[in-house]
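Right, one structure below, let's go through it.
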There are 2 protein chains.
Amino acid sequence: MAAHPSHAIGPLPSWNDGPVKTAILEFVARVSDKDSLGFIPPAERIAVFDNDGTLWTEQPIYFQLAFAFDRVAAMAKDHPEWENTEPYRSLLHRDPNGLAAAGEKGIAQIVAQSHAGMTTEEFDQIVRNWLSTARHPNLRRPYTELIFQPMLELLKFLRAKSFKTFIVSGGGVEFIRVFAEQVYGIPPEQVVGSSGVVKFEADADGHVRLIKQPQVEFIDDGAGKPVGINRFIGRRPIFAFGNSDGDLQMLQYTADSKNPYFIGLLHHTDRAREFEYDIHTHAGKLEKALVEAQARKWTVVDMRRDWGAVYPPPPDTRNTHH
Amino acid sequence: MAAHPSHAIGPLPSWNDGPVKTAILEFVARVSDKDSLGFIPPAERIAVFDNDGTLWTEQPIYFQLAFAFDRVAAMAKDHPEWENTEPYRSLLHRDPNGLAAAGEKGIAQIVAQSHAGMTTEEFDQIVRNWLSTARHPNLRRPYTELIFQPMLELLKFLRAKSFKTFIVSGGGVEFIRVFAEQVYGIPPEQVVGSSGVVKFEADADGHVRLIKQPQVEFIDDGAGKPVGINRFIGRRPIFAFGNSDGDLQMLQYTADSKNPYFIGLLHHTDRAREFEYDIHTHAGKLEKALVEAQARKWTVVDMRRDWGAVYPPPPDTRNTHH
């Protein structure tokens, strides 16, 4: 075995030394060391992560919403009536005031329109194509490169310690599953998210289709997160990480346990490398969860202070040492 | 390594030699052998099993229904009004005609009543207590011993070949999860089933409760099975096993694939050791799925012919060789 002393910086190289990194390492050691009083059997080491703003960036808008906007634009040629129909007109003419007037209801309509009327496999392919070509408007990188390097290291470290890592997201489960396995190492069956109604159809030749419908089925956000965890995982997590008020109930659920638990809350404090926001934002508003985290001494990650790197290096600069 | 020649009978000792056992062994070899044309990567080796009538017995009534009946009887002392209210009166007085008159709606009411109004943890404990004391009316064994030995061997064999084994049941997901890990080796997060609405509540002290409501949320049966697989697993299975018309759409979904797949259908033909039924039964009616399985040359298991054993030996007779 060759020695690599320069790489001997532990399992979380992109986390700066300090109380946050120490809290993570100590918790994982405590539950995974057989001789520890806090030992937890591997099957019960469930770790849940929010996605938007926790595993990847969520500004200036949720990436799935960027997908929905692009999708509506691509569909517009088959819908000439959209020129005179809100919210489509405002979206196609990039009219922010018109979109704002359409409100949550208009946005929901755009998401439903762009996510329905096709089979689950067709949707997968549409998302796949979009992810391979779309770029973030400010950061000019593919969305799947705007994932947080420290969180990738944390996911990998937890799995090495026999944790089972899950995404529990307010975003659409079928959207996230397209990239989660390749990007995060999280397989489809470990992604919990919001979903639309899906309809089964079979024809006489034995061909089967699952057709995505425009109706919402389940919103995996806020109180929906612990409900979704109960429904999909069926076991209370011992490790939970979020970044917004939509994650608060998931964190509360994880923290109401006699067993050891770890609660992480990411605070976006880094205007230079990513974004700086908490109360005054639409995507990922953080207010109540931060107050509660501070009061209960949960582990609050200050991105600027605690992360040595934010994103992975671009692919063409990787592996240059080998 | 010690040799055990007397045990050298392959991975499925309770399956009799014949075309069914051969079909299973050949399929598993085909998808798991790296040099095979039909090789499928481990992450895609999803195997789904119905529960009632496929992994354990389902006669004379679904075991979960037996639980619901016992539960209503246990709750009756707090509900004197049930003496004059159907379907409770008929149930408490063991009046089969009255129960039949109450129909599906009455049964649904009994299930809802017996499964709601408590936290998810309380429900888990109630089911656990029931399973530890209740006995099957004819077979006089605990319900969790009325599991099929050949299927236990099959689950274990598939997992040894890097399959991920799931239950996809019309039964209640929270009921099955109580015993699935210990009995089948299938953890809670790999159980898909029907579910009721669950409500999140948090108090000011940080205590959190998930309260089971009497409303049905999702019926994981018939066309609901492929929908449930899409929602919970997000990947099309390559191996599916069922025993009734309620499994047909799951089998069709698995069979509509360009990849190799295996479809198993258990036919209960064994009046002496278990039960003999197909068309004329309430629990596990098998008619259309059998016709389709025969037409499409799926693997139909004839319990009497193909299984050398049905149930595991009673616990007190196990391990006598060690």
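Sub-9 Å Cβ pairs linking a first residue in the stretch B:118-142 that is in contact (Cβ under 8 Å) with a residue 60 or more places away in the chain and farther than 30 Å from residue A:256 by Cα to a second residue that is part of a loop (DSSP other than H, G, I, E, B) and among the aromatic types (Phe, Trp, Tyr), at least 6 apart or interchain, are B:139/B:311; B:141/B:311, ordered by first then second residue.
One residue stands out in the stretch B:33-53 among those that are among the β-branched types (Val, Ile, Thr) and touching a helix residue (DSSP H, G or I) at 6+ places or on another chain (Cβ under 7 Å): the one that is nearest to residue B:144 (Cα to Cα), namely B:48. Every test in (1) part of a loop (DSSP other than H, G, I, E, B); (2) surrounded by 13 or more Cβ atoms within 10 Å (Cβ to Cβ); (3) of a type in the set (Gly, Ala, Ser) is passed by residue A:272 save one, and that test is (2).
From A:72, A:31, grab the single residue that is part of a helix (DSSP H, G or I), touching a Phe, Trp or Tyr at 6+ places or on another chain (Cβ under 7 Å) and assigned by TED's automatic domain parsing to the domain that holds residue A:122.
Numbers: A:31 fails: assigned by TED's automatic domain parsing to the domain that holds residue A:122.
From the options A:72, A:31, the qualifying one is A:72.
Scan the stretch B:229-264 residue by residue and report those that are farther than 17 Å from residue A:207 by Cβ and more than 9 Å from chain A (Cβ to nearest Cβ). Spell out the reasoning first.
First, the residues of the stretch B:229-264 that are farther than 17 Å from residue A:207 by Cβ: B:231-235, B:238-239, B:241-247, B:260, B:262, B:264.
Listed by number, the residues that qualify are B:238, B:239, B:241, B:242, B:243, B:244, B:245, B:246, B:247, B:260, B:262, B:264.
Of the set (1) touching a Lys or Arg at 6+ places or on another chain (Cβ under 9 Å); (2) facing chain B (nearest Cβ under 7 Å); (3) under 27 Å from residue B:248 (Cα atoms); (4) crowded, with 17+ Cβ neighbours inside 10 Å, all apply to residue A:202 but (4).
Just a yes or no: is a residue in the stretch A:104-111 assigned to a helix (DSSP H, G or I), modelled with pLDDT of 95 or more and not hydroxyl-bearing (Ser, Thr, Tyr)? Break it down into steps so the answer makes sense when it comes.
Our first condition is that a residue be assigned to a helix (DSSP H, G or I); within the stretch A:104-111, this holds for A:104-111.
If we keep only those that are modelled with pLDDT of 95 or more as well, we get none.
No: the stretch A:104-111 contains no residue that is assigned to a helix (DSSP H, G or I), modelled with pLDDT of 95 or more and not hydroxyl-bearing (Ser, Thr, Tyr).
Report, ordered by the first and then the second residue, all pairs with beta carbons closer than 7 Å, sequence separation of six or more or different chains, a first member in the stretch B:151-170 that is within 24 Å of residue B:218 (Cβ to Cβ), and a second member that is basic (Lys, Arg) and part of a helix (DSSP H, G or I). Short answer, once both residue conditions are applied: B:165/B:159; B:168/B:225.
Residue count for the stretch A:165-181 under the criterion of being out of contact with any helix residue (DSSP H, G or I) (no Cβ under 7 Å at 6 or more places or on another chain) and either assigned to a strand (DSSP E or B) or at pLDDT below 95 (or both): the result is 0. Among the criteria (1) under 16 Å from the mean Cα position of the chain (by Cα); (2) farther than 26 Å from residue A:227 by Cα, the one residue B:225 does not fulfil is (2).
Taking the conditions (1) farther than 28 Å from residue B:163 by Cα; (2) in a loop (DSSP other than H, G, I, E, B) in turn, residue A:186 satisfies each one other than (1).
Can you spot a residue in the stretch B:241-250 that is more than 30 Å from residue A:210 (Cβ to Cβ) and surrounded by 15 or more Cβ atoms within 10 Å (Cβ to Cβ)? Steps first, please.
From the stretch B:241-250, those more than 30 Å from residue A:210 (Cβ to Cβ) are none; that's our starting set.
No - not one qualifying residue is present in the stretch B:241-250.
For the stretch A:208-228, a tally of residues being in contact with a Phe, Trp or Tyr (Cβ under 8 Å, 6 or more places away or on another chain), within 9 Å of chain B (Cβ to nearest Cβ) and not in a strand (DSSP E or B) returns 5.
Candidates are the residues of the stretch B:205-222 that are within 20 Å of the chain's Cα centre (by Cα) and buried (at least 19 other Cβ atoms within 10 Å of the Cβ); the one that is farthest from residue B:151 (Cα to Cα) is B:218.
The values are calculated or read from the model by the stated rules, or taken from the named source; none is laboratory data. None of the values given here were measured: they were computed from a predicted structure. All Cβ positions, even for glycine, are placed from backbone atoms using ideal geometry, and neighbour counts span all protein chains on display.
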